[in-house]
Amino acid sequence: MNRAELRKLIRGISVAIPTAFDNDMRLDLPTMADLTRWWVESGLGTDYAPLKVAAAWGEGPDLSDDEWPQLLRTVVDAAGPDAVVMCALKEKSTMHTIEDAKRAQDLGAIGLQIELPYNHHPNQDDYVRHFTTISDNIDIGIMIYNTFWFGAPPIEAETILRMKDTEHVVAVKWNANREGLDYDDMRKFSADFNVIGNGQGVRCVQNGGAGFVSASAPAYPAYDLKVWSLIQEERYDEASEMETKFRDAMGDWRKRTTERSGGYRQAKGIMAVMGHPVGPPRLPTLPMDDAELTELAEILKGLGWPVPEKTAVAL
């Protein structure tokens, strides 16, 4: 696919789907297939809500090089030929990232989320070299993930603009809440790249961006689909109210549950409460306990979410 075609696909809600494990923390592929079919029936996996496999919220860094391709194949096959599925790749050298990218492409991914190569202590020239070389070796899209918090310098707006003619680098997952970065710097490159905001959909689109990341959409797709619909209709006040309402309602619970154990246990908790359990997180992260899940259920009910009466407890 060419750059224009890819920009029509990697936009909207970037849906970070969880990875299902059984009680022995092994991949639960039948559950992933069932969930994928439900996600597609619920309106996800489209050109405005691509499913993203093996991202951080999907415990991608915990998946082995034998596991993530199985997971991707399962989701692609279950989603069907018309669905839009992306794959997140772990940080590796350029050569090894190309190998993984070709594998993901062969398995049916239309795009990749690729982190900064932070273990290489890169500079801005290294970023251009890394992403341009990957682009030259694949036929699917690349969304750069500005993962500077792992110790690398953030990718700068001017550096991103140096890649505007790179055929397959079509999107940037923009996060600028640390290192003194200015979130609104995205205005410098949002005309040339699809900018996906980290949890700031309205602000991102008003800056010329193309969407936002969601870890809650897999549990209740209708909420984020409504936010995106309002944004597309330029009903920004209503969309912002929904974003703020969810963020404020979840804020204290998220803080306290993260303090108890890090990782991505919250993604699994919200799935369980909404009646779609996906098993425990992998160690060292602790599963949610009954009290945490019960409190979460009450929060979501307060937001108007259709929490089942008999929801899952104690993953």
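From the list 267, 291, 222, 217, pick out the single residue that is of a type outside the set (D, E, K, R) and more than 21 Å from the chain's Cα centre (by Cα).
On the way: 267 fails: more than 21 Å from the chain's Cα centre (by Cα); 222 fails: more than 21 Å from the chain's Cα centre (by Cα); 217 fails: more than 21 Å from the chain's Cα centre (by Cα).
Answer to the check: 291.
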Show the residue pairs that are 6+ apart or on different chains and have beta-carbon atoms under 7 Å apart, the first residue being within the stretch 196-218 and under 23 Å from residue 169 (Cβ atoms) and in contact (Cβ under 8 Å) with a residue 60 or more places away in the chain, the second being open to solvent by 10 Å² or more (accessible area, probe 1.4 Å) and aliphatic (A, V, I, L, M).
196/210; 196/213
Within the stretch 174-269, which helices (runs of 4 or more DSSP H) (wholly inside it) include 3 or more residues that are within 20 Å of residue 307 (Cα to Cα)?
221-232, 236-260
Spot the failing condition for residue 101; the list is (1) under 25 Å from residue 280 (Cα atoms); (2) open to solvent by less than 60 Å² (accessible area, probe 1.4 Å); (3) in a helix (DSSP H, G or I); (4) free of Cβ contacts under 8 Å to residues at least 60 places away in the same chain, and only one is missed.
(1)
Looking at residue 208 and the list (1) on the phi > 0 side of the Ramachandran plot; (2) small (Gly, Ala, Ser); (3) open to solvent by less than 20 Å² (accessible area, probe 1.4 Å), which single condition is not satisfied?
(3)
Top-ranked residue of the stretch 159-173 - restricted to ones that are of a type outside the set (S, T, N, Q), assigned to a loop (DSSP other than H, G, I, E, B) and in contact (Cβ under 8 Å) with a residue 12 or more places away in the chain, ranked as surrounded by the fewest Cβ atoms within 10 Å (Cβ to Cβ):
164
Of the conditions (1) buried (at least 16 other Cβ atoms within 10 Å of the Cβ); (2) at positive phi, residue 146 fails just one. Which one is it?
(2)
Report yes if some residue within the stretch 49-60 is outside any strand (DSSP E or B), under 21 Å from residue 277 (Cα atoms), open to solvent by 40 Å² or more (accessible area, probe 1.4 Å) and in contact (Cβ under 8 Å) with a residue 24 or more places away in the chain; otherwise report no.
yes
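Restricting to the stretch 13-32, what's the tally of residues that are out of contact with any strand residue (DSSP E or B) (no Cβ under 8 Å at 6 or more places or on another chain) and closer than 27 Å to residue 171 by Cβ?
Start the filter on the stretch 13-32 by keeping residues that are out of contact with any strand residue (DSSP E or B) (no Cβ under 8 Å at 6 or more places or on another chain), which leaves 18, 22-26, 29-32.
In the following step, the residues that additionally are closer than 27 Å to residue 171 by Cβ were identified as 18, 32.
Residues flagged as out of contact with any strand residue (DSSP E or B) (no Cβ under 8 Å at 6 or more places or on another chain) and closer than 27 Å to residue 171 by Cβ within the stretch 13-32 amount to 2.
The values are calculated or read from the model by the stated rules, or taken from the named source; none is laboratory data. Since we're looking at a predicted model, the values are computed, not measured. All Cβ positions, even for glycine, are placed from backbone atoms using ideal geometry, and neighbour counts span all protein chains on display. The protein model used for the area step is the full one, side chains on, heavy atoms only, and it has no ligands, DNA or RNA in it. Shrake-Rupley method; radii C 1.70, N 1.55, O 1.52, S 1.80 Å.
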